[in-house]
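For reference, the structure discussed in these notes is given below.
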Amino acid sequence: MSDLSILIPARKEMFLAKTIEDILQNIEGDTEVIAVMDGYWADPPIPQHERVTLIHNPESIGQRAATNQAAKLSKAKYIMKCDAHCAFEKGFDVKMMSEMHDDWTMAPVMKNLHAFDWVCPDGHRRYQGPSGPCQDCGKPTTRDILWQAKRSPNSVSYCFDSAPHFQYFGEFSKRPEGQGDITASMSLQGSCWMLTRDKYWKLGICDENFGSWGSQGIEVAVKTWLSGGKVMVNHKTWYAHMFRTQGGDFGFPYPISGSDQEKAKRYARDLFFNNNWPKQVLPLSWLVEKFWPVKGWTEEDLVKLKANTFKFGALGSDIKPAESEPLEDKLPFEGIIYQALPEDSGPTGDKSIKGIIYYTDCQLDPKIAEPVREQILKISEEKGLPIVSATLKKMDFGVKNIHFPSLKKGYPAMFKQIIAALEHSKSDIIFFCEHDILYHPSHFDFTPPDKDTFYYNQNVWFLRTSDGHALHYDVNQLSGLCGYREALLTHFRERYEMILKEGFSRRMGFEPMTHHRIKWQNDYKLGTWISEYPNIDIRHPGNLTGQRWKKEQFRNKKLLVNWQESDDEIPGWGKTKELIKKLS
Amino acid sequence: MTPYDVSILIPARNEIFLQHTITDLLTKAEGSIEVIAILDGYWPSPQLINDVRLKIIHRGHSQGMRAAINAGAAIAKGKYLLKSDAHCMFAPGFDKILTEQCDKNWVVVPRRFSLDPEKWELIDNPKYPIDYMYLSNDLHGVPWNEKNKDPELKKKLIDETMSNQGSVWFMAKDYFHELELMDETSYGIFWNEFQEIGLKCWLSGGRVMVNKKTWYAHWHKTNEFGRGYSLSGGEQSKALAAVDRWKTMGWHKQTLPLSWLIERFFPVPSWTPELIEAVSSNKL
């Protein structure tokens with residue numbers, strides 16, 4: 001008799017065999033798999049294995065019913081339900097069981113699974129998504145299975161709003177009570193959770209009245225909390241889940257009409273919001289208060305909930321909330337990753353502390369773009385700084401390239417590229433590199449002393465390509481930014497979220513923490529440094545931002561510290577006339 | 001509301017006539033049924049033919065016939081369970097006839113013929129049909145030939161039977177769980193299936209019945225084809241010990257002594273009044 005049964009309801013799941021293979025490779029305890037092929041036969045078929053039981057239903061009975069079917073065959077102490085497109089960490093089963101309490105529901109840290117790329121005969125790769133010809137050359141593509149858990153994001157906290165809609169609850173993990181190896185979560189995403197078999201049946205964890213699918217995470221979590229148990233996330237181990245959000249043949253395999261989703265939500269409201277669940281010993285308001293403040297709940301909602309006068313607003317139109325990726329994930333998911341080097345082989349072979357991100361719209365005159373890239377590459381090789389590039393067109397530049405063929409050039413795209421590059425970088429300290437800056441190697445000698453400060457190298461000269469005129473004043477520019485990746489990522493995600501809501505404005509500007517016009521939720525400090533030699537900001541007709549060359553053109557002359565002009569030389573770079581020749 | 005009238009459970013281990021049996025059941029059934037085939041550690045070749053009424057459980061390693069029946073029963077959605085060996089042929093409409101007369105504490109068995117599995121037809125054998133079986137004084141099920149040949153009894157289309165063979169049985173699903181079937185711990189993987197069912201039923205106030213309005217034909221396996229299960233001696237002695245306990249107390253829900261059952265069918269071949277006396281005073 002096993003200690004743990006892993007239940008996998010599957011409908012038209014091409015990765016069922018892969019998921020089972022992954023589980024069998026990574027279990028270390030007495031763990032078995034019970035999978036349900038709900039209305040289909042797995043293709044590729046599931047190899048026979050002594051720890052695997054399969055159920056085949058000729059017609060789909062629905063995800064909850066299928067999970068219950070599998071649970072009925074279990075005799076184990078613990079039950080874990082997972083989706084049929086998941087990967088796991090070595091020993092996850094033992095790490096989960098060793099932290100379990102009998103009245104807990106527990107989930108591992110959730111990562112995103114990079115299951116496959118589409119590859120054409122010419123080697124163009126497209127990130128997992130619907131099938132179709134190569135977007136670069138139109139040739140047919142085949143699936144290349146990668147099956148890699150991405151390093152980030154690592155989701156550990158979830159909630160639901162007052163609809164109830166599923167929400168990622170990253171805010172909670174920044175609170176003191178969100179710290180530690182085992183942390184509470186108000187709700188669950190639903191693709192992997194574990195509890196005792198006893199509780200599974202006692203709490204009726206997969207109530208088929210909810211309908212075939214929908215609100216699964218909410219049901220499991222709320223039933224656990226309100227019956228007096230706890231919902232916890234175990235940071236000591238992880239699983240990776242493949243998100244399918246792009247429709248077509250990369251959509252959700254269970255038919256989920258909006259009305260079915262509504263049915264599930266309505267049932268959840270009735271059961272929990274009106275405190276109609278017979279097994280609850282605590283009201284829903286207790287749970288909301290426990291995690292207060294909670295995304296999507298107003299003070300008024302809570303007061304009404306406590307007074308039992310809560311009324312629902314109109315339901316939103318999102319039809320598969322828990323199948324949405326963690327927010328921080330939306331960005332690279334739309335991009336296409338091209339990895340020139342294996343994940344872990346930085347230039348030095350070790351994990352690099354410093355690294356470079358490079359972003360471009362790919363529309364710059366190659367006469368400028370190429371020398372700039374050559375310079376960055378040379379520095380990268382000499383100093384062992386891995387480059388991650390995020391570009392609108394595919395580009396073989398750096399250890400990894402993420403490209404966004406469908407994005408339009410512009411500020412939102414630029415921030416999106418920055419986030420993608422930051423997410424895919426493995427370095428702790430990041431130097432931002434832009435396509436029209438000639439960087440001096442000394443720029444990269446800087447090591448930021450504080451993790452929560454954004455540093456700008458003020459040693460930069462503007463160079464006019466038309467005549468070789470050069471200008472310097474102390475200025476903080478995005479192209480001279482250096483900081484810790486984690487802080488940068490947090491900031492740029494928040495910034496991007498704001499742009500999505502409010503659009504980009506000059507008020508927001510480009511350079512984080514250089515002004516106080518925006519009240520950021522995550523505030524960082526501003527720092528500056530002067531590198532030994534300057535960088536050169538090449539001013540050409542295609543610049544996104546215009547350039548002022550005369551003091552009179554500036555309204556606030558106080559900003560113009562250390563103003564210098566030259567038509568002859570830039571320190572460390574030689575004659576400007578020679579420089580512009582190389583760029584034309 | 002149960003979505004099916006009858007869930008048919010077929011535990012199978014290396015069964016060469018499984019597809020024939022499934023096809024036969026699907027063809028002959030007239031009511032709303034589901035068939036649950038439990039493939040105990042093997043995949044049949046060729047694959048089973050898909051049917052909207054056929055569900056499959058596949059075990060990665062053989063866990064035994066009792067576990068297989070239990071797995072099937074666990075996911076069954078029918079009001080009634082019919083368990084069939086994987087080498088049986090049925091009469092048309094068997095499911096409707098069985099559901100028509102089945103009290104909630106009955107275990108019902110159809111009239112049994114002998115099957116030629118290769119021709120898929122009845123074997124003409126004077127020993128058949130078998131309606132009645134008895135439990136001998138060592139608690140084995142034995143065809144009760146005297147009763148089977150009795151022209152008067154033949155007119156009685158529903159009747160009590162002391163025991164049965166176990167290749168096919170039928171009961172309400174709720175009753176299956178009430179009888180705590182099948183007990184893998186006490187009886188092991190395979191042996192003495194119907195001793196467990198029949199004795200639990202009779203000695204807790206239920207009735208084992210034969211329904212002669214319908215029939216099935218069973219292929220009596222010979223060594224030519226081999227058994228699906230390789231049976232270790234240990235498993236058999238475990239089952240025998242469990243059966244033997246009925247001579248005193250066989251089960252915690254038991255309300256009647258074994259002697260009551262023998263007296264109800266008395267005279268029963270091989271049981272003398274002395275043996276009955278010995279059983280009732282726990283001296284057998």
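Brief remarks on what is shown
- Of all residue pairs spaced 6 or more apart or on separate chains, none has beta-carbon atoms under 7 Å together with a first member in the range B:62-84 that is under 16 Å from residue A:75 (Cα atoms) and among the acidic types (Asp, Glu) and a second member that is modelled with pLDDT of 95 or more and part of a strand (DSSP E or B).
- Candidates are the residues of the range A:159-186 that are among the hydroxyl-bearing types (Ser, Thr, Tyr) and modelled with pLDDT under 95; the one that is nearest to residue A:244 (Cα to Cα) is A:168.
- With respect to (1) part of a helix (DSSP H, G or I); (2) within 11 Å of chain A (Cβ to nearest Cβ); (3) more than 22 Å from residue B:175 (Cβ to Cβ), the lone exception for residue B:27 is condition (2).
- Some residue of the range A:347-355 being at pLDDT 90 or above and crowded, with 24+ Cβ neighbours inside 10 Å: yes
- Residue B:56 vs. criteria within 19 Å of residue A:58 (Cα to Cα) and at the interface with chain A (Cβ under 9 Å from one of its Cβ atoms): yes
- Considering only residues in the range B:76-92 that are touching a strand residue (DSSP E or B) at 6+ places or on another chain (Cβ under 7 Å) and surrounded by fewer than 20 Cβ atoms within 10 Å (Cβ to Cβ), the one that is nearest to residue B:127 (Cα to Cα) turns out to be B:91.
- Subset of the range A:503-525 [over 26 Å from residue A:175 (Cβ atoms) and out of contact with any strand residue (DSSP E or B) (no Cβ under 8 Å at 6 or more places or on another chain)]: A:503, A:504, A:505, A:506, A:507, A:508, A:509, A:510, A:515, A:517
- Odd one out for residue A:47 among (1) within 14 Å of chain B (Cβ to nearest Cβ); (2) crowded, with 18+ Cβ neighbours inside 10 Å: (2)
- Check on residue B:180, exposed (fewer than 15 other Cβ atoms within 10 Å of the Cβ) and in contact with a helix residue (DSSP H, G or I) (Cβ under 9 Å, 6 or more places away or on another chain): yes
- Here residue A:469 meets each of (1) closer than 25 Å to residue A:173 by Cα; (2) more than 24 Å from the chain's Cα centre (by Cα) with one exception, condition (1).
- The conditions of being over 24 Å from residue B:82 (Cβ atoms) and hydrophobic (A, V, I, L, M, F, W, C) are met by residue B:139.
- Checking A:84, A:71 one by one, the residue that is in contact with a strand residue (DSSP E or B) (Cβ under 9 Å, 6 or more places away or on another chain), at pLDDT 95 or above, within 14 Å of chain B (Cβ to nearest Cβ) and under 11 Å from residue A:9 (Cβ atoms) is A:71 and no other.
- For the range A:206-217, the criterion of a residue being of a type in the set (Ser, Thr, Tyr), over 18 Å from residue A:273 (Cα atoms) and crowded, with 23+ Cβ neighbours inside 10 Å is satisfied by no position.
- Per-region count, the range B:261-284, residues farther than 15 Å from residue B:134 by Cβ, of a type outside the set (Gly, Ala, Ser) and surrounded by fewer than 14 Cβ atoms within 10 Å (Cβ to Cβ): 5
- Condition check for residue A:54: at the interface with chain B (Cβ under 10 Å from one of its Cβ atoms) and touching a His at 6+ places or on another chain (Cβ under 8 Å): yes
- So residue A:128, is it touching a His at 6+ places or on another chain (Cβ under 6 Å) and among the polar types (S, T, N, Q): no
- Of all residues in the range A:25-41, those satisfying the criterion of being buried (at least 17 other Cβ atoms within 10 Å of the Cβ) and within 11 Å of chain B (Cβ to nearest Cβ) are A:32, A:33, A:34, A:35, A:36, A:37, A:38, A:39, A:40.
- At least 2 residues being over 22 Å from residue A:265 (Cβ atoms) and not small (Gly, Ala, Ser) is the threshold, and among the strands (runs of 3 or more DSSP E) wholly inside the range A:147-230 those reaching it are A:182-184, A:192-196.
- Top-ranked residue in the range B:30-41 [being more than 10 Å from chain A (Cβ to nearest Cβ) and in a loop (DSSP other than H, G, I, E, B); ranked as farthest from residue B:175 (Cα to Cα)]: B:30
- A single member of B:73, B:68, B:29, B:91 is among the small types (Gly, Ala, Ser), touching a helix residue (DSSP H, G or I) at 6+ places or on another chain (Cβ under 8 Å) and within 23 Å of residue A:37 (Cβ to Cβ), and it is B:73.
One line per residue, one yes/no per condition, for (1) small (Gly, Ala, Ser); (2) part of a loop (DSSP other than H, G, I, E, B); (3) surrounded by fewer than 24 Cβ atoms within 10 Å (Cβ to Cβ):
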| position | (1), (2), (3) |
| --- | --- |
| B:43 | no, yes, yes |
| B:50 | no, yes, yes |
| B:68 | yes, no, no |
| B:74 | yes, no, yes |
| B:114 | yes, no, yes |
| B:126 | no, yes, yes |
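- Scanning the range B:59-76 for residues that are facing chain A (nearest Cβ under 9 Å) and touching a Ser or Thr at 6+ places or on another chain (Cβ under 7 Å) gives B:59, B:60.
- Residues that are within 12 Å of residue A:461 (Cβ to Cβ) and within 40 Å of the chain's Cα centre (by Cα) within the range A:574-584 are absent altogether.
The values are calculated or read from the model by the stated rules, or taken from the named source; none is laboratory data. For clarity, every value in this text was computed on a predicted model and none was experimentally measured. Positions of Cβ are generated from backbone atoms using ideal geometry, with glycine treated the same way; all protein chains shown enter the neighbour counts.
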